[in-house]
Amino acid sequence: MSDTHHWEKPARAKLWQQRNADEKAEWVKAELQRMRSLYAMLSSQVQEIGRKVKAIRNGLKEKQ
């Protein structure tokens, strides 16, 4: 096992200032894709919650 603590940066990590323009662009593209995926997942979950709330409301109306 390594002597590196989990809170320390690995030796291969570069500071933002040390990255060239292409590396920065690739990082930004990857982050945008990650955010798109996260947004899609959250949007899907919100829609599912909305459907469940609607079903509950309809069930309550039928019981009245």
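What the table below lists for this structure:
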quantity: Pairs, first without any contact (Cβ under 8 Å) to a residue 40 or more places away in the chain and within 22 Å of Leu15 (Cα to Cα) in segment 27-38, second open to solvent by 100 Å² or more (accessible area, probe 1.4 Å) and of a type in the set (A, V, I, L, M, F, W, C), C-beta under 9 Å, six or more apart; calculated: Trp27/Trp16
quantity: Tally, over segment 23-55, of residues that are among the aromatic types (Phe, Trp, Tyr) and open to solvent by less than 70 Å² (accessible area, probe 1.4 Å); calculated: 0
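The values are calculated or read from the model by the stated rules, or taken from the named source; none is laboratory data. Remember, it's a predicted structure, so these values are computed and weren't measured experimentally. Here the Cβ is made from the backbone with ideal geometry for all residues, glycine too, and neighbour counts use every protein chain on show. To get the accessible areas, we keep the full protein, side chains included, count just its heavy atoms, and leave off ligands, DNA and RNA. Shrake-Rupley method; radii C 1.70, N 1.55, O 1.52, S 1.80 Å.
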